[in-house]
Structures are given as C-alpha cells and as structure tokens.
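Notes to accompany the following structure.
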Amino acid sequence: YQRRVRERIYMAQGWDPRQRWLMELANGSEVEGYSLERVTIQRNQRPARVAKISTAWSSECALVKLRECEEVADRECLCYQIAKLIAAEGSTDTAVAACIKMAWPQTTGMGPGGSMLSVASLWFGSSDGCALIEECVSVMSPRNEVACQLTSRLANRHGWCDLCDAFVATPHGQHLLPDASCESRAEGLSDQDFNDVIAQLDVGAVSELWLFSVLTLQTDAHAGNVMLQANAQGKFRLVAVDTGNALGCHSSSSSSSSSSSSSSNSSRGCQQRQQKPTYLQHEYPIILETWPVSNSPPAELASKWLELDPDRLRAVGGSEDVAQRLEQVQQLLHHGHMNMLEIACQVVTDWREAFRFVSESGWHRPIWDSSLSMREPIDDQSLAQA
C-alpha cells in the first residue's frame, strides 16, 4: 500500500528516477537496511542540521537538510528542473544535485521501523519548515565507477569534497585560510594537486554550471557549495548544492537592462556589504573564476541552448526574468564574439562590479590564479569594458 501511495506521488510530482530513489531512501527504515548518520558539511556561524542516509547494498546516498523556509526548498527543486533542461543531450548528469522537498512526518517513532525521515526529524528537534532530500555528490560517482588518481585523496570520510575543502587541504590553503576548517582527510594534498584538479575540470560541466548560474542568479554559489565529482574520462565535474538563494531572492543582482546609475549604486553597495572572505565567497559565482569560462561554450551545448525555447523554462515554473535572461544569453551566443565570463558580466551587471571590486581589493583568488596558465588572455580591465 505504501509503495502504491509513493508511485502516485511520483506521477503527480513528475519525478525522474534519481528523485524517486531519494524518496525511497527517505522512507526506508533500519530494518530494511537503511541507516542514518549526523554529519557536518558547512562552515558557518550556525551549523547546518544535516543527516546522511545510506544503504547496505548501494554506494549512492542522500542528505536530509532542514529547511525552515519552505520557499527555499521550492527554489532548490526548481533549480534542479532548470538544470535538467540545459544538460547535455542524452546525459544523466546535471549541474545541480538532484533533490526533492518532503514534509516532516506527522508522527515519529524511535523504533527500528521508523523511516529515515522521521528519525532525522527527531534528531533535528523540530518539525518546522520542511525537509530537503538531496543527492549526495561523491567525488567518485556511483554511476561512472572510474577513478582518476586524485579521487581517493580528495574524498573525506563521507566520500565528498567541495572546492573550498580541496583548497584548504593544501599548504597554500592552510596559510591563506587558517581559520577555515574542512572535513577533508587529504592531509597530504599538495598545491600542485589542487592545480591539477583545476586543470582537469570538465569543460562541458563547467559550461552547464555557468549557464545555470546566470539563468537563476545564484547568490550563494561560493566554493563551499560547489562539489567535485570525477567523470568517466577522469575529468572533474562541478555540481552545485544549496541553490535556494537564487531567482531574485536574497539577491542584489540586476539584469543588463538596469540603468547605469543602478550599476553604480550596486558597486558602492558591494563595497559596503562585502567583508574579507573566509571561505572563498564573493558576490559572484565561483564558477566565473575557472579557466573554461574564458572561452565560448562547447559547440554542441551552445547549439542546444540556442534552440532552447524560453517557454520551456516558464513551463517548469521559472519566472519571466529567467526566460528573459536565457534570451539575452542566446543573443550574445549568436553574435559569437564574447566568452562565457564576458556574457555573464553583461547579463548580470552586479557580477562585473563585484568581480572588479574583489580584484582591486587584492583578496585571494586561488581558483582564478590556478587557472591563469590555462585561461585565454583576459584581464580585469578588459572585463570591465565588456
């Protein structure tokens, strides 16, 4: 009976197989071979309440995250739908971790028959808001099962690693960010290892994350929210998590239609708001510092994006602003004389101002610095003139 109920939910929500698996994990119980573990994955003043669901028969796992504001979870689920629309043709990989929103159980039990979601609710000590069940982005993808040399050294005990953890695990990272803590067990990770990770970024995956960030106006896409995952070719994909601060919410970003006075005010506001970053967090997505964005996107992705109907974004619940940003990107791609970084700063003018401010402030940009040898010639002055 419970399985039939879940199937009706699947059909009503239009969930894909990855989302269906997330719900199975959330509804599994200890007696069925599911287990739950408390974890710490974010470095902030208010520790995130997160639990990890795993099974005895699969390496795929999920995270249960408390969302006190249901609108944030709704935006995260919408972001995943948008990421699926812009993914490469025939690919099951997306620029955003798969996720679903679930209500907390009305009744919870401490016994072994209780669902993983009900146990997590007891751990969190609150039934407010809702739960976000998010795919765990492991360095070693369970779908690919092909490891490159660095995967085992990057992964922490849970199997994952974000861009910030990868940098903090190096001698240079520990020197620049002495207050940053990370769960990475890669104690012997060298500065060259980090440079190798950046050099081996998958261009297609970076391009998808770039477009996703532009369309959804990501305002919390710092290095700690971008996960590393090796693909079958031994390259590293970048996958976004915690994407709820987007779509104009908690965002000061404006489109290129904003007036010049608005951009000027935004620049001054950027200087007033930003404090020296501790975890490689700026007021623009960290993806803009990677070397692939200094080029045009791969031809096959660009062709798909040029043919993408903005109405499809509206159909999945995207706002009119999202569709308009897609149209702006399509126009600039069609002209063909701008790279991805220039297009992003043309469409979202606040990112250009923030980018220039960070550069002039002399703050550390290790991902930008590691990308210098692979980047097409570009400097901050030419970017400001874009």
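The values are calculated or read from the model by the stated rules, or taken from the named source; none is laboratory data. If you're wondering where the values come from, they're calculated on a predicted model, not measured in any experiment. Because the Cβ atoms are built from the backbone with ideal geometry, glycine has one as well, and the counts that use them run over all protein chains shown. These accessible areas exclude ligands, DNA and RNA; they are computed on the full protein's heavy atoms, side chains included. Shrake-Rupley method; radii C 1.70, N 1.55, O 1.52, S 1.80 Å.
Just to make sure I understand: if all protein chains stay in place, what is the order of 78, 154 by accessible area at 1.4 Å, largest first?
Largest accessible area first, the residues go 78, 154.
Which of the lysines could a cross-linker span from residue 52 if the Cα-Cα distance has to be under 21 Å and same-chain partners fewer than 8 positions apart are dropped?
Output for residue 52: 65, 101.
Listed highest first by mean packing, meaning other Cβ atoms within 10 Å per residue, what order do 355-368, 163-176 come in?
Packing order, densest peptide first, comes out as 163-176, 355-368.
Given points 7 Å out from each Cα along the Cα-Cβ axis, report the residue 56 to residue 89 separation in nanometres with one decimal.
The two pseudo-label positions are separated by 4.5 nm.
Going by average Cβ density within 10 Å per residue, which order do the peptides 239-245, 326-332, 62-68, 32-38 take, highest to lowest?
With the highest mean Cβ count within 10 Å placed first, the list reads 239-245, 62-68, 326-332, 32-38.
Could you compute how much accessible surface residue 116 exposes when probed at 1.4 Å, giving the result in Å² to the nearest 10?
10 Å²
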